[in-house]
Amino acid sequence: MTKATATTIGFVGLGRMGGNMAARFLAAGYTVYGEARDRKHAHELERAGLQWRETPRQVAEAADVVFTSIPSDETLELVASGPDGILAGLSAAKVWLEMSTVSPRASRELAERVRELGAQMLDAPVSGSVPQVQAGTLTIMVGGEEEAYTRVEPLLHELGTPTRIGENGQGLVLKLAINISLAVQTLALSEGLLLAEHAGVDPELALQVMTESPIGSPMLKARAPLFLDPPDDAWFDVDLMQKDIKLALSSGHELDVPLPTTTVVAALLSAARKHGYENSDITVLFRLLSELSVVRASRRLGFAA
């Protein structure tokens with residue numbers, strides 16, 4: 001066992017992101033403890049060597065470094081607090097790597113509570129989804145004390161490319177800035193593709209040319225097939241993106257920063273939810289615009305109320 005793999009790791013939450021992160025550490029030879037609301041999510045990981053614990057507190061007591069990947073501020077508070085929460089199991093010298101996309105303000109407040117225990121917390125949200133976790137190519141933005149970052153940097157390199165952005169909360173702000181662009185680019189490509197299709201251009205050809213043009217960012221190139229053939233398992237679903245866009249708008253309000261395109265995409269994500277697409281990949285915005293254009297045409301011709 002190397003000095004690096006001698007560090008014990010704990011995961012609270014073993015969903016799509018957390019579970020795949022845990023799998024990478026197990027494959028690399030680390031001792032990994034884990035807990036989830038439903039143990040069935042951990043069965044394959046247990047067969048790979050994960051050591052199950054019953055509560056977040058037990059995970060924090062067992063591990064040197066605790067990882068969380070949580071869907072919301074409310075869930076984060078739930079796993080952090082109370083007699084069985086992470087805070088109850090933390091002690092001096094432990095590090096909590098909080099990899100969720102949550103409110104920067106809530107993260108900063110939680111980091112202060114961790115410091116009072118003599119431990120340290122870093123916000124470390126990621127850019128990327130399940131394929132990037134599995135390949136170890138996540139972009140990881142870290143906010144928090146430099147000493148704590150130096151200690152866990154080798155662990156983060158197992159998952160991708162980490163960069164310390166600054167103080168607690170700043171990693172999260174940069175993650176929200178990235179997700180603004182992800183959502184707006186997705187909407188803009190959907191609009192352009194629909195325009196081309198309605199003008200009689202073959203949509204597959206239009207998508208190919210658009211993504212090979214200067215607008216073809218790596219993100220759009222990777223997601224291009226999903227616009228015309230939505231996946232059964234979302235890479236990044238509408239529900240989570242809407243949550244992140246709301247967090248971005250809230251941060252913009254706090255910092256007096258106008259976010260006009262973010263406001264537009266927020267409205268379209270709300271419409272997608274109303275159409276039942278909350279669990280669909282965000283590329284479903286193309287389908288949504290197509291449906292809205294049919295409704296608009298029908299109303300113009302007098303076929304709809």
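How about Lys246: which aspartates and glutamates have a C-alpha closer than 13 Å to its C-alpha, ignoring those fewer than 8 places off in the same chain?
Cross-link targets: Asp73, Glu254.
With a point put 7 Å past each Cα toward its Cβ, work out how far His157 is from Ala222 in nm, to one decimal.
About 2.1 nm, to one decimal.
Once R0 is set to 41 Å, what does the formula 1/(1 + (r/R0)^6) return for the Cβ-Cβ distance between Thr263 and Ala6, expressed as a FRET efficiency to the nearest 0.05?
In this case the efficiency is close to 0.25.
Does anyone have the angle between helix 170-198 and the longest principal axis of the chain? Alpha-carbon axes, 0 to 90°, nearest 10?
20
Report the far tail of the P(r) of the stretch 1-153, meaning the percent of Cα-Cα pairs longer than 21 Å.
It works out to 38 percent of all Cα pairs.
Between Asp64 and Arg105, what is the FRET efficiency for a Förster distance of 30 Å, r being their Cβ-Cβ separation, to the nearest 0.05?
0.60
Give the separation of the Cα centroids, the stretch 146-223 to the stretch 75-134, in Å.
Between the Cα centres of the stretch 146-223 and the stretch 75-134 lies a distance of 24 Å.
Taking only Cα atoms, what is the 0 to 90° angle, nearest 10, from helix 16-27's long axis to the longest principal axis of the chain?
Long axis of 16-27 versus the principal axis of the chain: about 50 degrees.
Can you list the lysines whose alpha carbon is less than 21 Å from that of Lys94, not counting same-chain residues fewer than 8 positions off?
Lys3
Taking 7 Å along the Cα-to-C-beta vector as the label spot, tell me the Ser72-Arg115 distance in nanometres, rounded to one decimal.
So the label points at Ser72 and Arg115 sit 2.9 nm apart.
Leaving out same-chain residues fewer than 8 places away, which aspartates and glutamates sit with a Cα under 20 Å from that of Lys274?
Cα-Cα hits under 20 Å: Glu191, Asp232, Asp233, Asp237, Asp239, Asp244, Glu291.
Using the C-alpha gyration tensor of the chain, what are the square roots of 5 times its eigenvalues, in whole angstrom, with the largest one first?
Equivalent ellipsoid semi-axes, largest first: 39, 20, 18 Å.
Tilt of helix 218-228 relative to the longest C-alpha principal axis of the chain, in degrees (0 to 90, nearest 10)?
Once rounded, the angle reads 60 degrees.
Could you work out how much longer the chain between Val201 and Arg16 gets when fully extended? Use 0.36 nm per residue separation minus the Cα distance between them, nm to one decimal.
Using 0.36 nm per residue and subtracting the Cα-Cα distance, I get 62.9 nm.
Coordinate-derived values only; no laboratory data. Everything numeric here is computed off the predicted structure, so don't read it as measured data. Every residue, glycine among them, receives a Cβ derived from its backbone with ideal geometry; neighbour counts consider all protein chains shown.
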